[in-house]
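The values are calculated or read from the model by the stated rules, or taken from the named source; none is laboratory data. These numbers come from a predicted model, not from an experiment. Neighbour counts are summed over all protein chains in view; Cβ atoms, including those assigned to glycine, are modelled from backbone coordinates with ideal geometry. For accessibility, only protein heavy atoms count, side chains too; no ligands or nucleic acids. Shrake-Rupley method; radii C 1.70, N 1.55, O 1.52, S 1.80 Å.
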Amino acid sequence: TYYKIGYLMGTSLMQCGSGYPFFNVAVYDYICGKDTNSLFVDYSTIPSDTFREIVGKINDASSDEEIREICWDCLDMLCEAGFMKPPAIMKLDDKHGLVRTLSLHHIILRSKAELDQLKEGLSSAGVLEILQKHPQLLKTLFTSEGLTPLTPAILKSMFSGRVYFSDAGSINAEKEMATFMFFGDFLEECKGGKLEVQLQDVLSFFTGASVVPPLGFDIKPSLYFNAGAVYPTASTCALHLTLPTKYY
């Protein structure tokens with residue numbers, strides 16, 4: 001199954017796909033060929049809330065007694081990760097090794113077989129070798145690291161040169177200009193947290209994607225207006241957004 005997923009991901013990328021910027025950075029580094037002993041793992045990126053909280057407590061421990069107490073409470077978790085030192089003789093000096101062992105286990109090792117299958121699929125599609133040669137260059141295709149946060153200005157700029165107003169001087173054009181300004185105000189409110197709707201929701205509404213792909217969209221988005229519409233409409237295939245002007 002994971003082989004097929006890797007193959008499909010690789011095929012998509014070879015055909016100018018938008019990428020998959022949701023991988024943990026340590027997972028991406030492993031896919032690119034880094035040995036597990038040299039991987040940097042950040043416990044705050046452990047996907048399980050429960051395990052992340054426990055590892056966080058270990059990381060914040062300030063005494064031998066505190067370390068031992070936490071380890072007794074999560075003994076099964078330590079055994080699963082292969083950390084076999086008895087909690088009774090744990091010391092504060094052990095915490096950094098313990099945090100790394102648990103983080104590496106929950107981010108990489110417990111899913112290593114699946115990740116290896118994924119790598120085989122990427123290799124079959126001709127992508128793995130490219131990733132391993134240019135890991136930094138292609139990092140934004142697989143992780144969110146380096147991606148520019150979505151802002152109202154970025155969202156509006158996506159329609160640059162493709163906002164279709166009626167003829168200048170017409171009544172419709174006046175309404176459309178006002179609606180476009182209201183749209184800008186709406187985006188600012190989305191950013192400011194005044195609304196339940198987020199900027200990612202707006203982007204997803206007319207593109208189907210919650211983030212701008214690292215390579216951009218194949219089609220440049222377009223903005224239209226409709227005097228008879230009640231609600232905004234969109235085409236995620238054509239990347240068209242149509243705004244109603246009846247509320248001006």
Per-selection Kirkwood Rh - the chain (Cα, Å, 1 d.p.): 21.7
- request: Pop a pseudo-label 7 angstrom from the Cα along the beta-carbon direction at both residue 133 and residue 93 and give the gap in nm to one decimal.
  value: 4.7
- line: For the chain, the percent of accessible surface on carbon and sulfur atoms (probe 1.4 angstrom, ligands and nucleic acids excluded) is 55
- prompt: When only alpha-carbon atoms count, how far does the range 64-141 stretch along each of its three principal axes, as whole angstroms with the largest first?
  reply: 51, 23, 15
task: Kindly provide the GluC sites (Glu not before Pro) of the range 180-248 that DSSP labels as loop, not H, G, I, E or B, and whose Cβ sees at most 12 other Cβ atoms within 10 Å.
output: 196
statement: Scoring only Lys, Arg, Asp and Glu (+1, +1, -1, -1) among other residues with Cβ under 11 Å from the Cβ of residue 105 yields +2
statement: Loop-resident chymotrypsin sites (Phe, Trp or Tyr not before Pro) in the range 7-108 with no more than 15 other Cβ atoms inside 10 Å, DSSP not H/G/I/E/B, are 22, 40
statement: Rounded to 0.05, the calculated FRET efficiency for the beta carbons of residue 15 and residue 182 at R₀ = 30 Å is 0.20
Chymotrypsin sites (Phe, Trp or Tyr not before Pro) restricted to the range 138-198 and DSSP loop, no more than 13 other C-beta within 10 Å: 164
statement: Averaging 1/r across every pair of distinct alpha carbons in the range 1-133 and inverting yields a Kirkwood hydrodynamic radius, in angstrom, of 16.2
- prompt: Heavy-atom accessible area per residue, the chain, 1.4 Å probe: how many Å²?
  reply: 57
- request: Rounding to the nearest 20 debye, state how big the charge dipole of the range 129-207 is about its Cα centre with +1 on each Lys and Arg Cβ and -1 on each Asp and Glu Cβ.
  value: 280
- request: Towards the positive end of the charge dipole of the chain, with charges on Cβ (+1 Lys, Arg; -1 Asp, Glu), say which of 244, 173, 231 has the farthest Cα.
  value: 173
task: For the range 134-248, list log₁₀ I(q)/I(0) at each q in 0.10 Å⁻¹, using the Debye formula over Cα point scatterers of equal strength and ignoring solvent, two decimals each.
output: -0.34
message: Tell me the net charge near residue 167. Cut-off is 15 Å between Cβ atoms, residue 167 excluded, with +1 for each Lys or Arg and -1 for each Asp or Glu.
response: -1
field: Extended-chain gain in nm, criterion 0.36 nm per residue less alpha-carbon gap, residue 194 and residue 49
entry: 49.4 nm
